[in-house]
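For reference, the structure is listed below as structure tokens.
Nothing in this text is a laboratory measurement; each read-out follows from the coordinates by a stated rule. Note that the coordinates shown come from a computational prediction; the quantities given were computed from them, not determined experimentally. Cβ atoms come from the backbone with ideal geometry, glycine included; neighbour counts cover every protein chain shown.
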Amino acid sequence: MFSFANTQPAGEDGYRLISALFLRLLAIIYFIAFYDLTFQITGLVGEQGILPLQPWMDRLLVELGWQAFLYLPTLFWLDQSNLFLQAVAWTGCGLALLLLLNIRPRLSLVLLFLCYLSLVNAGQTFLRFQWDGLLLEAGFLAIFLRPDSRIMIFLFRWLLFRLRFMSGISKLVMGDPSWLGFYALVFYFETQPLPHVGSWYFHNLPQTLLVAATVAVLMIEIIVPFMMFLSRRYRFIAAWLTLGLQLLIMLSSNHNWFNFLSMALCLFLFDDRALRRIIPHGLEQWLLHGAGAIAIQRPLSQGFRVFTASIATVFVLAGVLNTYRMAVSEDFHRSMHDGLDVLQAWHLVNTYHVFPTMTTRLIELKVEGSIDGTEWKPYTFKYRPDDPQQMPQIVLPHQPRLDWMVWFVPLGPRHLAWFDQFLVALLDNSPDVTALLEANPFPDQPPRFIRVHAWQYRFTSPQQRELTGNWWQRDYLGLFAPLPGMGKIDQ
């Protein structure tokens, strides 16, 4: 049975050091997330971006009326200009530094949440990633974090449990044959959104080992999370297994700061006595007694206890309902459905399902432009596979959001709308959009024609790499459809 009591369990040594370290790590992650957007946000949703913010928000206001403010909470109802977009992103960077230095931490946490929520909701399809929701959910809980509140410690464990358990159970309920057949990792390292050099080495491990690793992933994601609510020893085991999995993911995948945040949440499975054994004494002193210390000026008030108990009740119930809704693909009564939607619109209780289905082919899109229809010049994405001899790059904790989103386009028609707008922006020679690419092949005059080719990329084997020096082998599939006047990809 879970206990929400604010008393300290026997054998544990408090969470003041844990909480202080988590807030400093959260500040660093917030800074990375905001800084990442300072040089991307205008190209994505700015005035000359791929999906300009102002016309989209105007349409929502017409369609939803006052409910638009409820279901799209964002500061950008005030102003949708490039200047304001970048101002909010840079403000987030500044607030993250204040939190890191422990200057007005509660106020900084509130403003960080509001700024990032505003950017996420304004970012449309480019910021609808699960890690964006995870950062907001963790950031909201951090506003009320007190190391002497057992309820808040429980809620952080509950968040980590939902992240891991929902990610695992979704792989089964989606019915994907590669997960059900235990061979998903045979494909994953090669076909993930943005492989790096470590992916090549993991892909070329023996297939029997990759099958065993697939089974291990499912066990760590589905069974291990329940250990997070057991006694101290079992929580530690759950923490180390989760940390190990996150480390392996970073060694094999470019998943930005997502894994760092997942690892930071594992802190709440430990306690101060355990943490003291592994962190430097100077860092401990700074966190407990220096500028990074969390001050506990007075005991928990009855009002705070009631408030946090209310949050816990809502978040636990909503988390259970979200998990049930995902697992059985059923919806609830309209009022309950609307309540969950509001919580998700504010990113307070999110649904997590990391790679529930596995792509078995990596299809790369190559965009070309031409002024006369005869001479064609390529547009090159900064981080996507291109030259077979080029080593796949490690870019974490950075997330190049355009490069990520291009991976989804061949997977289904729902991504074609934004991709079509991207091509239109290239025809307009939008400087904000071309800045998201490696280079603009038409710096002086915009192209009159655009075409897209599709290629299938596969990792080379160690023998092939030794002979050719290539990391990739590729096959031409033809012109990409269903863009106007273009043929189909043979899928």
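How far is helix 207-222 tilted off the main Cα axis of the chain, in degrees rounded to 10, range 0 to 90?
Between helix and principal axis, roughly 40 degrees.
Report the trypsin sites (Lys or Arg not before Pro) located in segment 82-170 that are in a DSSP loop and have at most 16 other Cβ atoms inside 10 Å of their Cβ, or state none. Provide the component values of the computation, followed by the final result.
Details: sites: R106, R128, R150, R157, R162, R164; in loops: R128.
Those satisfying the criteria are R128.
Contour minus end-to-end for R448 and V395, with contour as 0.36 nm per residue of separation and end-to-end as the Cα-Cα distance? Walk me through the numbers before you get to the answer.
On the way: separation 53, 0.36 × 53 = 19.08 nm, distance 3.30 nm.
Gain on stretching R448 to V395: 15.8 nm.
What number, in percent, do you get for the relative contact order of the chain if the mean sequence gap of Cα pairs under 8 Å and at least 6 apart is divided by its residue count?
About 21 percent, as a whole number.
If I take every Cα pair under 8 Å that is 6 or more residues apart in segment 81-230, average their sequence separation and divide by the length, what percent do I get for the relative contact order?
Numbers: 108 pairs, mean separation 27.2, N = 150.
Averaging sequence separation for qualifying contacts and normalising by length gives 18 percent for segment 81-230.
Can you give me the angle between helix 302-328 and the longest principal axis of the chain, using Cα atoms only, in degrees from 0 to 90, rounded to the nearest 10?
Between the helix axis and the principal axis of the chain, the angle is about 40 degrees.
What does the net charge come to around L300 if you take all other residues with beta carbon closer than 12 Å to its beta carbon, with K and R at +1 and D and E at -1?
+3
As I understand it, the value is the acute angle between the Cα axis of helix 105-122 and the longest principal axis of the Cα atoms of the chain; what does it come to in degrees, rounded to 10?
On a 0 to 90 degree scale, this one is about 30.
When only C-alpha pairs under 8 Å and at least 6 residues apart count, what is the relative contact order of segment 97-179, in percent?
20
Per residue of the chain, what 222 nm ellipticity follows from adding -39500 (n - 2.57) for every DSSP H run with n ≥ 4, rounded to the nearest 500?
Theoretical 222 nm ellipticity from helices: -17000 deg cm²/dmol.
Can you give the FRET efficiency for Y234 and I279, using 1/(1 + (r/R0)^6), R0 = 25 Å, r = Cβ-Cβ distance, to the nearest 0.05?
Taking R0 as 25 Å, the efficiency between Y234 and I279 is 0.65.
If you only keep lysine pairs separated by 8 or more in sequence, or across chains, how many in the chain come under 29 Å at the Cα atoms?
Here the count comes out as 5.
Restricting attention to the alpha-carbon atoms of the chain, what are Rg (one decimal) and Dmax (integer), both in Å?
23.7, 77
Would you mind working out the magnitude of the charge dipole of the chain relative to its Cα centre, with +1 at each Lys and Arg C-beta and -1 at each Asp and Glu C-beta, to the nearest 20 Debye?
1680
May I ask you to compute the full-extension gain from K377 to L427, defined as 0.36 nm times their residue separation minus their alpha-carbon distance, rounded to one decimal in nm?
16.7 nm
Roughly what would the spin-label model give for T313 and L411, points 7 Å off Cα along C-beta, in nm?
The two pseudo-label positions are separated by 3.9 nm.
Do any chymotrypsin sites (Phe, Trp or Tyr not before Pro) in segment 27-81 lie in a loop, going by DSSP, with at most 15 other beta-carbon atoms within 10 Å of their beta carbon, and if so which?
Those satisfying the criteria are F39, W66.
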